[in-house]
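The structure appears right after this line, and notes come after that.
The values are calculated or read from the model by the stated rules, or taken from the named source; none is laboratory data. The structure displayed is predicted, hence computed values, not measured ones. For neighbour counting, all protein chains shown are included, and Cβ atoms are generated from backbone atoms with ideal geometry for every residue, glycine included.
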Amino acid sequence: MSGPWIGLDVLYVLAGLLFAVFAVASLLDRTNPKRFGSALFWGLFAASFLVGSYLPDVVNGGIMVAMALTAGFNLMSRGEHPQPVDKPQRAERWGNRLFIPALIPPVVTLLGTLTLKGVEVSGHPLVDPKQVTLISLGAGILLATAVALIMFRASPVTATREGRRLMDSVGWAGLLPQALAALGAVFAAGHVGDVIGGLASDWLPLGTPLAAVCAYTLGMALFTAIMGNAFAAFPVMTAAIGLPIIVGQFGGNPAIMGAIGMLSGFCGTLTTPMAANFNIVPAALLELSDRNGVIKAQLPTALMLLIANTVLMYVLVYHF
Amino acid sequence: MWVLLGVAVVVVGFAARLNPLLIVAGAAIVTGIAAGMDLLATLAVLGKAFKDNRYISVVWLILPLIGLLEREGLQERAKALIGKLREATAGRLLLIYLVIRQLAAAVGLTSLGGHAQMVRPLIAPMAEAAAEAQAPGLNPAQRERVKAMAAATDNVGLFFGEDIFIAIASILLIKGFLEENGIVVEPLQLSMWAIPTAILALLIHGTRLLLLDRRLGRAAGQ
């Protein structure tokens, strides 16, 4: 074989198997009022992980649209997952040992990221050097799950049932971050960013150093809110306003422009449902009744920090 | 210009509170067709990116572990720990978490934290327990507020800490983009200029967290 021994494909098989178990268990779960739709959704997710690499792109696109339709037409639901009534007693019994399995994944991720890069076995890299962090995280999760199973004398069936309890509470939101990344690629193929960048440089007032800074920081935040991702906004807004006007015309410092510009984009990330993994997924994980609850909690911080970034950039960018 | 119709689908869809997955699929198809692709070509672009971004959803592998730990009382244990600390308030606890999250992200430890790994099993229950002690008879709206603030604090700490680390993706993106345009900057210069915003983020969000305590205290006094 060529290439690394362990790549993302290993994690994809594991995730595919887990979602396949969720799909079958959902199908058999009579407490779920929409068990067929739920089984379809998780089954499609499983298929995309297990065989997605071998399917034509159109079919993968079809899988995503089918999952969106299943969720969008409200065809999926969740089962009832009763919890043991003696949880406080169990917590008492384990004490702080309960935190050990919880801390294994971050520790293993850290150690793996620091040590696994460059390790070779029989002439091939042990892990894909581009994916060391994710593979280390996967290894940490597996190790921690094994430790927890032994510690609690639990069966893997219990583990997948508990996993499905949480996955049910997250529901369709669990696909959203990946789906939004795919939408980003379609936006890129349609040159949406270039059109918006052109509009920004044509219509925003850019005639003074202050106006240029305001247009750039606010533009970064707004465009990030639309795209859900500051990384998509940065090249567009910087090419439209940052480089030609702030640096080129008014002689600003490019390092300060870039650093604070990106952080202005992050303020936009805090305000938008398009940044699903930071804003919508936690609302689902915490079982909030308002799916925009996290955004509402962040909004004052985001707006004040955006103003602060604008002032900071204006004060710093033309003086260093 | 027509490609902006896809953006319009997103804005209108979220405003109308449609299912976000449906909005995403609809926006993708509208954008593709407005850009002159046919339906199958659009599906292919979407499908290729969907396949290439599967790594994003790999994080759900952690759920069986978190579920097992919750079954054995992890949230209850986290609450009990907070109950022992008389000085603990929801705001102070989240402020400490904000500082730790920012510092950890600033030295590259961005995986130390996160909503599935830290906030749901540990931080949110701890903040809730502290808030219950501050304001006995916490109403559901206040409870939601405290939980949402826990998630918000994780985000703010991550976003405004990570750019201080020189090898984080966003710093490398800025460096790469400037280099393409003939401007060479060192990652250290970029990360240095992320520090003022990091300090302001701590001050602004930290103040809001302490104000949360005052609100909870007032609610208890009524």
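Scanning region A:61-109 for residues that are at pLDDT below 95, β-branched (Val, Ile, Thr) and out of contact with any Ser or Thr (no Cβ under 8 Å at 6 or more places or on another chain), we see that the one that is surrounded by the fewest Cβ atoms within 10 Å (Cβ to Cβ) is A:Val85. Checking B:Gly26, B:Gly32, B:Gly91, B:Gly67 one by one, the residue that is touching a Lys or Arg at 6+ places or on another chain (Cβ under 6 Å), in a helix (DSSP H, G or I) and surrounded by 19 or more Cβ atoms within 10 Å (Cβ to Cβ) is B:Gly67 and no other. Within the set A:Leu199, A:Leu175, the sole residue that is under 30 Å from A:Ala225 (Cβ atoms) and surrounded by 19 or more Cβ atoms within 10 Å (Cβ to Cβ) turns out to be A:Leu175. Among the candidates B:Leu81, B:Leu109, B:Leu68, the residue that is assigned by TED's automatic domain parsing to the domain that holds B:Met149, touching a residue at least 24 places away in the same chain (Cβ under 8 Å), aliphatic (A, V, I, L, M) and at negative phi is uniquely B:Leu81.
Within region B:180-192, does at least one residue satisfy the condition of being at pLDDT 90 or above, assigned by TED's automatic domain parsing to the domain that holds B:Met118 and within 21 Å of the chain's Cα centre (by Cα)? Yes. Of the residues examined, B:Leu74 is not one that is farther than 20 Å from B:Arg145 by Cα, buried (at least 23 other Cβ atoms within 10 Å of the Cβ) and free of Cβ contacts under 8 Å to residues at least 12 places away in the same chain.
With respect to (1) in a helix (DSSP H, G or I); (2) over 23 Å from B:Gly206 (Cβ atoms), the lone exception for B:Gln102 is condition (2). Restricting attention to region A:56-115, the residues that are small (Gly, Ala, Ser) and farther than 30 Å from B:Glu76 by Cα add up to 7. Scanning region A:11-38 for residues that are under 21 Å from the mean Cα position of the chain (by Cα) and small (Gly, Ala, Ser) returns A:Ala15, A:Gly16.
Evaluating A:Gly118 against the criteria (1) surrounded by fewer than 21 Cβ atoms within 10 Å (Cβ to Cβ); (2) of a type in the set (Gly, Ala, Ser); (3) part of a helix (DSSP H, G or I) leaves one unmet condition, (3). Name the residues in region B:35-49 that are assigned to a helix (DSSP H, G or I), within 7 Å of chain A (Cβ to nearest Cβ) and surrounded by fewer than 22 Cβ atoms within 10 Å (Cβ to Cβ), would you? Within region B:35-49, B:Leu40, B:Ala44, B:Lys48 meet the criteria. In region A:67-97, the qualifying residues are those that are among the aliphatic types (A, V, I, L, M) and more than 9 Å from chain B (Cβ to nearest Cβ), and the one that is farthest from A:Ser26 (Cα to Cα) is A:Val85.
Per the conditions (1) facing another protein chain (nearest Cβ under 7 Å); (2) free of Cβ contacts under 8 Å to residues at least 24 places away in the same chain, the sole criterion not satisfied by A:Asn292 is (1). Scanning region A:1-51 for residues that are among the β-branched types (Val, Ile, Thr) and part of a loop (DSSP other than H, G, I, E, B) yields one hit, A:Thr31. Check region B:209-220 and report whether any residue there is over 30 Å from B:Ala135 (Cβ atoms) and assigned to a helix (DSSP H, G or I). No; the residues of region B:209-220 include none that is over 30 Å from B:Ala135 (Cβ atoms) and assigned to a helix (DSSP H, G or I). The residue list A:Val311, A:Val247 contains one member that is free of Cβ contacts under 8 Å to residues at least 40 places away in the same chain and more than 9 Å from chain B (Cβ to nearest Cβ), which is A:Val311.
The residues of region B:158-205 that are surrounded by fewer than 19 Cβ atoms within 10 Å (Cβ to Cβ), in contact (Cβ under 8 Å) with a residue 24 or more places away in the chain and small (Gly, Ala, Ser) amount to a single one, B:Ala167.
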